[in-house]
Structures are given as structure tokens and as C-alpha cells.
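The values are calculated or read from the model by the stated rules, or taken from the named source; none is laboratory data. Not measured: the values here are computed from a predicted model. Virtual Cβ from ideal backbone geometry, glycine too; neighbours counted across all protein chains shown. To get the accessible areas, we keep the full protein, side chains included, count just its heavy atoms, and leave off ligands, DNA and RNA. Shrake-Rupley method; radii C 1.70, N 1.55, O 1.52, S 1.80 Å.
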Amino acid sequence: MAERLTDGADAPGGSIAPSVLLKAFEVLGAFSPGRRVLSLAEIARHSGLPKSTVHRVLAMLVSIGAVEQTAGGYRVGLRMFSLGSLPPEAALREAAMPHLEDLHRVTGQTLHLAVLRDADVVYLEKLPGRRGIATPALIGDRFPANCTAVGKALLAFADEAAMASVTAVPLRRRTAGSLASARQLRRQIDAIRRDGFATDREESAAGVACVAVPVLAGGRAVAAISVAFPAGAGTGQVLINPLRQAARAIAQSPVITRAVGWQSGDNRDTGHL
């Protein structure tokens with residue numbers, strides 16, 4: 001018998017019981033840019049689900065085209081690709097790409113495009129540098145906003161609720177260089193609002209520094225872009241003007257000019273930034 005979706009009433013204490021939907025997302029979450037094809041055993045290991053459960057969920061996902069079977073195992077299916085093009089962030093990424101590619105040719109360094117979600121940044125794009133610096137963020141990854149230059153650039157030009165979501169609990173840290181207190185973060189946010197750019201010196205990864213600027217629509221940040229470089233290579237000051245030029249060019253896209261309504265929850269232009 002197929003498992004059915006459950007609501008909180010079925011679980012002791014009113015908590016949400018595991019459901020087919022939740023398990024399906026656990027299975028899909030096992031895949032990543034570095035894990036595009038996985039065996040059943042690998043999916044079970046990365047999802048934390050029993051093999052028998054993974055087998056049943058995979059059969060369901062394969063039947064609807066969300067997952068495809070290959071000679072080497074399983075991969076995310078084309079149906080997920082088509083669904084992935086629907087969020088407004090996909091349009092934002094498409095609008096930003098030509099300008100990110102221009103900036104990439106100028107700097108030769110690793111570039112990131114990110115948006116803010118609660119207390120995290122989510123990376124929409126990453127263009128690896130030609131000079132070999134390794135940065136930990138992959139497309140789709142979530143990092144604490146306070147640990148990254150893109151995150152701080154976004155927080156500086158977001159509403160107070162965004163800052164509150166970060167400072168309501170002790171700051172999460174990724175390295176010894178990560179900000180340790182809300183007071184330190186607020187001091188940096190004030191400087192970012194004044195100067196228009198944010199920095200990260202070994203706060204998200206040892207040996208890596210970043211400079212970031214917001215992409216502004218109506219005075220609010222709809223995204224942020226950054227350049228990463230070796231922490232020992234200087235302050236990154238020379239990168240600020242190229243970043244600002246790229247951010248302004250992205251902001252002038254028709255897609256981005258619709259972002260004010262999207263950010264404020266205006267549903268009159270549903271499906272667009």
C-alpha cells in the first residue's frame with residue numbers, strides 16, 4: 001500500500017510525521033553539482049533514509065520523471081529541470097549572466113551571485129576563477145549570511161526583519177574569522193550602508209577573501225554579487241568599481257525592474273521578479 005501524506009494530527013504531540021513528500025525531498029537532496037549520478041546505496045547514505053524506503057521513493061520519482069535511471073545509477077530528471085526554470089530567481093540569474101561573464105573576463109577570479117533567504121544566502125551562480133582559488137560555495141548552497149560578503153551586502157539593504165532573523169540567536173560561524181557577535185555585525189552593516197560594499201576576510205573559508213556589492217531595485221537588494229580572491233593578495237579595493245558597474249548593469253535589466261513588487265510580495269506579476 002502506498003504511504004500517504006500525514007498532517008500534524010497523526011503524530012504524537014502534534015509534530016509533523018514523516019511523509020512521502022518529505023522523503024522525496026530527502027532523496028532529491030542527496031543530489032548536488034558534485035553528485036549528479038548516484039547509486040541507491042549512495043542516495044541512502046546521503047539522505048539518511050533506509051535503502052528500502054529510498055527504493056520505494058525512487059520508484060515513485062522515476063514514474064513521474066523527477067528522477068531518471070542511468071547505467072551508473074540515478075540522476076535528477078528533466079522534469080525537475082523544467083520546474084527549476086519557474087522560480088523568479090531563475091530569471092534573475094539569466095539576466096545577470098551576461099554581466100557576470102563580462103566581470104569574469106575582467107577579474108579572472110571566482111564570482112558569486114546570491115540571494116537572501118531568512119538568515120542564509122543561497123548561491124544562484126558561481127563562475128570559477130582562472131587562478132585556482134578554491135571557494136566552498138556551490139550553486140544551491142546555503143551559508144549563514146553573516147559569514148559572507150554577499151550576505152552582509154544583502155543584509156545592509158534589506159528590511160530590519162532580515163537582520164532580526166540573523167541576530168535573534170547566537171551568530172553561526174564557519175571559521176575562527178567569522179563575526180562572533182551581533183554588535184560586530186551591526187557595526188559592519190552600518191559601514192556597508194555608508195560605503196556601498198561588503199567584505200569577507202576568511203570568514204567563510206580559510207585563505208579566501210571576498211568583496212561584494214548589492215544589486216539594488218528601489219533601494220533594496222534583490223541579489224548580491226561578489227569576487228573571491230586569495231586573502232593574502234590584498235584588500236580587493238581594485239575590484240569594487242568593476243563590481244559596481246556589473247551590479248548597475250544587472251539592475252537595469254527589465255527583469256530586475258520588476259523586482260520591487262516581487263520582494264514586497266506583490267502578486268500582480270506572479271512568476272516574475
Quick one: how many residues across the stretch 68-100 are open to solvent by 80 Å² or more (accessible area, probe 1.4 Å) and under 26 Å from A224 (Cα atoms)? 5
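This table checks each residue for (1) more than 26 Å from E125 (Cβ to Cβ); (2) touching a Cys at 6+ places or on another chain (Cβ under 7 Å); (3) part of a loop (DSSP other than H, G, I, E, B); (4) of a type in the set (V, I, T).
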residue: V27; (1), (2), (3), (4): no, no, no, yes
residue: H46; (1), (2), (3), (4): no, no, no, no
residue: S52; (1), (2), (3), (4): yes, no, no, no
residue: Y74; (1), (2), (3), (4): no, no, no, no
Can you say whether P242 is surrounded by 15 or more Cβ atoms within 10 Å (Cβ to Cβ) and part of a helix (DSSP H, G or I), as far as the supplied structure shows? yes
Residue that is farthest from A247 (Cα to Cα) [pool: residues in the stretch 191-207 that are free of Cβ contacts under 8 Å to residues at least 12 places away in the same chain and open to solvent by 40 Å² or more (accessible area, probe 1.4 Å)]: R194
Of the residues in the stretch 111-134 that are small (G, A, S) and in contact with a helix residue (DSSP H, G or I) (Cβ under 6 Å, 6 or more places away or on another chain), the one that is nearest to S226 (Cα to Cα) is A114
If we keep just the residues of the stretch 1-36 that are open to solvent by 40 Å² or more (accessible area, probe 1.4 Å) and closer than 18 Å to D141 by Cα, which is modelled with the lowest pLDDT? P33
Just the residues that are surrounded by 19 or more Cβ atoms within 10 Å (Cβ to Cβ) and of a type in the set (V, I, T), please, taken from the stretch 210-239. V211, V213, V215, V222, I225, V227
Mind listing whichever residues of the stretch 155-190 are over 21 Å from A231 (Cα atoms), open to solvent by less than 60 Å² (accessible area, probe 1.4 Å), part of a helix (DSSP H, G or I) and not aliphatic (A, V, I, L, M)? S165, T167
What pairs come up if the first residue lies in the stretch 21-33 and is free of Cβ contacts under 8 Å to residues at least 40 places away in the same chain and farther than 12 Å from M60 by Cβ, the second is of a type outside the set (A, V, I, L, M, F, W, C) and surrounded by 14 or more Cβ atoms within 10 Å (Cβ to Cβ), and their beta carbons are under 6 Å apart, counting only those six or more places apart or on different chains? E26/S47; A30/H46; A30/S47
